[in-house]
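Enquirer: After the structure tokens below, expect a handful of questions from me.
Taken together, the values in this text are just the output of simple stated rules run on the coordinates, not laboratory data. Nothing here was measured: the structure is a model prediction, and the numbers come from that model. Backbone-built Cβ (ideal geometry, glycine too); neighbour counts: all protein chains shown.
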Amino acid sequence: GDRVFNSPLSEQGIVAFGIGLAVGGATAIAEIQFADYIFPAFDQITNEAAKFRYRSGNLFDCGKLTIRTPCGAVGHGALYHSQSPEAFFAHIPGIKVVIPRGPYQAKGLLLSCIRDPNPCVFFEPKILYRGAIEEVPTKDYTLPLSQAEVVQEGNDVTLVGWGTQVHVLLEVAKIAQEKLGMSCEVIDLRTILPWDSDTICKSVVKTGRLLVAHEATHTMGFAAEIAATVQSECFLNLESPIERVCGYDTPFPHVFEPFYIPDQWKCLEGIKKLVNY
Amino acid sequence: MAAKLGGALRTLRYLTTRPVSCRLIGTSPSVRCVHEDRPQFPGSKSKFTYKLSFLDPDEEAGIPVYRVMNSEGEMTEKSEDPKIDKTTVLKMYRDMTLLNSMDKILYESQRQGRISFYMTNFGEEATHIGSASALHPEDMVFGQYREAGVLMWRGFTLDQFINQCYGNTEDVGKGRQMPVHYGSQDLHFVTISSPLATQMPQASGAAYAFKRAQNGKCVICYFGEGAASEGDAHAAFNFAATLDCPVIFFCRNNGYAISTPTSDQYRGDGIASRGSGYGMLTIRVDGNDVFAVHNVTKEAREICVSHNRPVLIEAMTYRIGHHSTSDDSSMYRKKGEVVKFDTNNPIGRLRSYMVKQGWWNDDQENEWKEESKKMVMESFAKAEKRKKPNPTELFKDVYEEIPPHLQKQMDSLKEHLSKNEDKYPTQNYEACKEYMYQDLSGSMVGVTRSHS
């Protein structure tokens with residue numbers, strides 16, 4: 001049909017066409033097959049979509065555009081079917097970057113993105129397409145953007161993640177409770193940009209210890225932004241330096257994936273460091 | 001014998017109607033499987049060939065240049081005369097020359113340090129006015145940066161042009177961008193952005209939205225021959241053609257991309273030669289013949305909205321001026337070349353036509369020259385005096401709403417200014433003496449600082 005359709009194979013074309021649709025008055029949802037292939041569209045996203053309203057003095061905007069794309073480790077994806085590029089996009093004022101942790105979150109957050117009057121990039125952790133099973137209401141509902149969610153309350157350590165990693169952190173929290181007697185507060189950030197620093201800081205004020213984990217590479221991953229902000233806002237509340245548990249600074253490997261990802265054991269070691277400082 | 005022939009004929013008939021592969025039938029070498037001449041690949045619409053030869057573009061003549069009026073302003077092909085009425089032709093002429101006057105004055109003003117940057121339209125006025133006059137006022141325009149005449153035609157005022165160049169409080173773009181990055185919602189002209197060719201696939205998308213909305217509008221997308229080398233141009237053409245988008249791609253081939261001549265930009269026959277490769281209707285036109293440009297654009301528009309398919313127009317013209325105030329084109333081209341095109345420019349050609357019609361004379365020319373210059377100078381003087389917008393404007397319109405983190409940053413700038421105002425040119429900006437802002441609860445808070 002003409003409402004949902006194939007396009008020629010060009011990510012820069014797909015995103016730009018989506019911008020044009022939005023400027024022409026239509027709600028546009030552009031799909032990039034894998035987040036690993038979003039980079040040809042980076043110019044259109046950074047220089048065009050994100051700046052459309054600002055540069056025109058609010059005469060024009062492409063708020064009706066949402067870009068959705070599968071991201072994240074899937075067990076065998078290797079370099080080009082596993083990436084988590086959210087950090088690149090967090091550096092672009094003018095767009096929103098959102099990542100759900102499951103089906104219920106996905107529907108509510110995606111509808112919010114579609115209806116949000118700003119261009120949004122919606123990363124969908126592909127391993128959760130099959131891996132997560134949840135009850136999802138058929139009725140219409142939205143979930144708020146730029147609001148982190150405390151998925152599990154705790155008093156001793158704050159664990160922050162997004163997407164698939166939230167489930168890893170919930171697992172770690174269980175282990176930490178059993179093995180270390182530590183109660184962990186698990187927070188799903190949900191929106192990477194603009195991000196909810198208030199909820200994170202409020203939690204760190206309570207616990208004094210923060211661990212941020214993500215599959216994306218360590219250097220300049222989004223945990224760096226969180227750490228910089230939290231140490232600035234909550235310096236005297238911190239009992240120990242902020243821990244980041246991330247992918248190594250390498251391309252995403254194939255057969256070495258089990259060693260690469262920030263799994264529950266690495267996160268557990270991180271918690272031990274926080275607690276034993 | 002008859003039986004054998006009859007048998008062969010029956011076999012042939014069988015072979016031509018059944019789409020299956022076959023073997024050579026019969027002993028005669030002249031009996032062939034006729035249908036095997038047609039390839040069965042998906043989407044194929046050609047034949048097999050048994051002769052090995054490469055298509056050689058150098059063997060083909062260049063796509064011809066459509067023109068209506070010769071350099072003396074005479075209609076060479078009377079049947080192609082659009083017979084535009086006097087009022088419209090006078091408007092065409094006045095707009096081209098007013099643009100020319102404005103360009104001269106604003107270019108000078110940059111040299112004098114009054115505005116930071118400028119780009120002139122010298123030599124390309126007919127591409128703007130010819131095309132704009134053939135469109136409907138609500139057709140959406142995606143430009144590159146050298147299409148000010150389109151805005152002029154639609155009614156963008158001298159005040160609006162010059163206010164944008166100054167980025168003052170009256171700039172509809174709110175002082176955010178460099179000069180000549182015009183935009184107008186009312187005139188359906190999407191705000192210009194510096195990156196080249198990015199507007200092209202956007203134009204395809206907007207056209208698709210118009211098609212679905214069935215609003216009878218088309219989109220026109222202007223770009224230079226240099227920008228046509230960008231990947232975005234390729235994506236734009238391919239998407240527009242495959243998705244049936246009512247968009248006119250209008251290429252201003254003016255001979256140079258800053259200092260890169262067309263001989264370093266492409267090897268084939270210009271931009272027009274690419275059109276059919278994408279499945280687009282294509283035409284090449286004399287960009288300095290305002291009537292020819294008008295005719296092709298009018299026809300292209302009709303094709304777009306009636307058939308929902310894109311059209312490629314390559315307008316051959318010449319960039320008489322420098323690329324911008326940051327360029328000195330004498331470094332890479334001979335003065336003689338520029339003089340040649342300046343002597344035979346689109347404005348002069350239209351004037352010759354008008355004079356031959358008895359619609360214009362030297363007195364009117366001198367009068368208009370004076371009047372247009374005066375109009376520009378008046379707007380200029382007013383624009384120069386206006387202040388720039390309040391610095392807090394730099395934080396707005398990033399998103400539709402101001403998010404908390406930006407609000408914090410805005411507050412920190414205000415705080416910084418309250419302690420260091422003397423270090424900044426605040427006297428040139430509006431309402432800097434009073435810092436009004438909206439706190440997170442939404443109430444307006446004011447901090448006044450007076451200067452003795």
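Enquirer: Among the candidates A:G94, A:G77, A:G108, which residue alone is more than 14 Å from every other protein chain (Cβ to nearest Cβ) and under 30 Å from A:P251 (Cβ atoms)?
Expert: A:G77
Enquirer: Give the residues of segment B:357-399 that are outside any helix (DSSP H, G or I), more than 14 Å from every other protein chain (Cβ to nearest Cβ) and in contact (Cβ under 8 Å) with a residue 24 or more places away in the chain, sorted by residue number.
Expert: The answer is B:W359, B:W360, B:R386, B:K387.
Enquirer: Can you tell me how many residues in segment A:1-46 are outside any loop (DSSP other than H, G, I, E, B), more than 8 Å from every other protein chain (Cβ to nearest Cβ) and either in contact with a helix residue (DSSP H, G or I) (Cβ under 8 Å, 6 or more places away or on another chain) or under 19 Å from A:G63 (Cα atoms) (or both)?
Expert: Matching residues across segment A:1-46 total 13.
Enquirer: What are the residues in segment B:308-337 that are out of contact with any helix residue (DSSP H, G or I) (no Cβ under 9 Å at 6 or more places or on another chain), free of Cβ contacts under 8 Å to residues at least 24 places away in the same chain and of a type outside the set (K, R), if any?
Expert: B:D328, B:G336, B:E337
Enquirer: Where the second residue is of a type in the set (F, W, Y) and assigned to a loop (DSSP other than H, G, I, E, B) and the first is within 15 Å of B:D95 (Cβ to Cβ) and lies in segment B:338-356, which pairs have Cβ atoms under 7 Å and are six or more apart or on separate chains?
Expert: Going by the 7 Å Cβ cut-off, the qualifying pairs are B:R351/B:W360; B:M354/B:W360.
Enquirer: Please state which one of A:H218, A:H214 is buried (at least 24 other Cβ atoms within 10 Å of the Cβ) and touching a Phe, Trp or Tyr at 6+ places or on another chain (Cβ under 8 Å).
Expert: One residue alone meets the criteria, A:H214.
Enquirer: Output the number of the condition that B:M200 fails; it satisfies all remaining conditions of (1) at the interface with chain A (Cβ under 9 Å from one of its Cβ atoms); (2) surrounded by fewer than 21 Cβ atoms within 10 Å (Cβ to Cβ).
Expert: (2)
Enquirer: Among the residues of segment A:54-67, are any among the hydrophobic types (A, V, I, L, M, F, W, C), in contact with a strand residue (DSSP E or B) (Cβ under 6 Å, 6 or more places away or on another chain) and part of a helix (DSSP H, G or I)?
Expert: No.
Enquirer: Hey, among A:A49, A:A90, which residue is of a type in the set (A, V, I, L, M), crowded, with 24+ Cβ neighbours inside 10 Å and touching a Leu at 6+ places or on another chain (Cβ under 8 Å)?
Expert: The match here is A:A49.
Enquirer: How many residues does segment A:173-210 contain that are assigned to a loop (DSSP other than H, G, I, E, B) and on the phi < 0 side of the Ramachandran plot?
Expert: Final tally of qualifying residues: 7.
Enquirer: Can you pull out the residues in segment A:233-276 that are more than 21 Å from the chain's Cα centre (by Cα) and among the β-branched types (V, I, T)?
Expert: A:V255, A:I271, A:V275
Enquirer: When B:C221 is evaluated against the numbered criteria (1) of a type outside the set (D, E); (2) surrounded by fewer than 19 Cβ atoms within 10 Å (Cβ to Cβ); (3) touching a residue at least 40 places away in the same chain (Cβ under 8 Å), which criterion, by number, is the only one it fails?
Expert: The number of the failed condition is (2).
Enquirer: Restricting to segment A:221-277, give me the number of residues that are surrounded by 15 or more Cβ atoms within 10 Å (Cβ to Cβ), acidic (D, E) and in a loop (DSSP other than H, G, I, E, B).
Expert: Counting residues in segment A:221-277 that are surrounded by 15 or more Cβ atoms within 10 Å (Cβ to Cβ), acidic (D, E) and in a loop (DSSP other than H, G, I, E, B) gives 1.
Enquirer: Pull out all pairs, ordered by first then second residue, where Cβ-Cβ is under 6 Å, the residues are six or more apart or on different chains, the first lies in segment A:191-205 and is at the interface with chain B (Cβ under 10 Å from one of its Cβ atoms), and the second is part of a helix (DSSP H, G or I).
Expert: Every condition considered, the pairs that remain are A:L193/A:A90; A:P194/B:H405; A:S197/A:T229.
Enquirer: Can I ask one more? Could you grab me the full set of residues in segment B:133-152 that are within 22 Å of A:V23 (Cβ to Cβ) and either touching a residue at least 60 places away in the same chain (Cβ under 8 Å) or in contact with a Pro (Cβ under 9 Å, 6 or more places away or on another chain) (or both)?
Expert: Residues satisfying the conditions are B:L135, B:H136, B:E138, B:D139, B:M140, B:V141, B:F142, B:G143, B:Q144, B:R146, B:E147, B:V150.
Enquirer: Is it true that some residue in segment B:294-304 is surrounded by 19 or more Cβ atoms within 10 Å (Cβ to Cβ) and in contact with a His (Cβ under 9 Å, 6 or more places away or on another chain)?
Expert: Yes, there is a match, as at least one residue in segment B:294-304 is surrounded by 19 or more Cβ atoms within 10 Å (Cβ to Cβ) and in contact with a His (Cβ under 9 Å, 6 or more places away or on another chain).
Enquirer: Another one. Anything in segment B:194-219 that is out of contact with any Asp or Glu (no Cβ under 6 Å at 6 or more places or on another chain), outside any loop (DSSP other than H, G, I, E, B) and not charged (D, E, K, R)? List them, or say none.
Expert: Listed by number, the residues that qualify are B:Q199, B:Q202, B:A203, B:S204, B:G205, B:A206, B:A207, B:Y208, B:A209, B:F210, B:A213, B:V219.
Enquirer: Looking at segment A:13-37 only, could you name the residues that are over 22 Å from B:R212 (Cβ atoms) and buried (at least 24 other Cβ atoms within 10 Å of the Cβ)?
Expert: Passing the criteria: only A:A35.
Enquirer: Restricted to segment A:52-76, and to residues that are surrounded by fewer than 20 Cβ atoms within 10 Å (Cβ to Cβ) and touching a residue at least 60 places away in the same chain (Cβ under 8 Å), which residue is farthest from A:A223 (Cα to Cα)?
Expert: Checked segment A:52-76; the qualifying residue farthest from A:A223 (Cα to Cα) is A:H76.
Enquirer: Right, next: For segment A:119-168, which strands (runs of 3 or more DSSP E) that fit wholly inside it have 3 or more residues that are over 26 Å from A:K273 (Cβ atoms)?
Expert: Answer list for segment A:119-168: A:120-125.
Enquirer: Residues in segment B:290-308: is at least one within 14 Å of chain A (Cβ to nearest Cβ), in contact with an Asp or Glu (Cβ under 9 Å, 6 or more places away or on another chain) and among the basic types (K, R)?
Expert: Checked segment B:290-308: no residue is within 14 Å of chain A (Cβ to nearest Cβ), in contact with an Asp or Glu (Cβ under 9 Å, 6 or more places away or on another chain) and among the basic types (K, R).
Enquirer: Would a scan of segment B:207-216 turn up a residue that is within 30 Å of B:K334 (Cβ to Cβ) and either surrounded by 24 or more Cβ atoms within 10 Å (Cβ to Cβ) or more than 7 Å from chain A (Cβ to nearest Cβ) (or both)?
Expert: Looking through segment B:207-216, none of the residues is within 30 Å of B:K334 (Cβ to Cβ) and either surrounded by 24 or more Cβ atoms within 10 Å (Cβ to Cβ) or more than 7 Å from chain A (Cβ to nearest Cβ) (or both).
Enquirer: So B:N238 clears everything in (1) out of contact with any strand residue (DSSP E or B) (no Cβ under 7 Å at 6 or more places or on another chain); (2) facing another protein chain (nearest Cβ under 8 Å); (3) touching a residue at least 40 places away in the same chain (Cβ under 8 Å); (4) buried (at least 24 other Cβ atoms within 10 Å of the Cβ) except one condition, right? Which one?
Expert: So B:N238 meets the others, but not (4).
Enquirer: Take B:Q177 and decide whether it is more than 22 Å from B:G226 (Cα to Cα), surrounded by fewer than 24 Cβ atoms within 10 Å (Cβ to Cβ) and at the interface with another protein chain (Cβ under 10 Å from one of its Cβ atoms).
Expert: Yes.
Enquirer: Next up: How many residues, within segment B:355-392, are acidic (D, E) and either more than 23 Å from B:D159 (Cβ to Cβ) or in contact with a strand residue (DSSP E or B) (Cβ under 9 Å, 6 or more places away or on another chain) (or both)?
Expert: So the answer is 3.
Enquirer: Right, another one. So is B:D269 surrounded by fewer than 21 Cβ atoms within 10 Å (Cβ to Cβ), touching a residue at least 12 places away in the same chain (Cβ under 8 Å), within 14 Å of another protein chain (Cβ to nearest Cβ) and among the charged types (D, E, K, R) or not?
Expert: no
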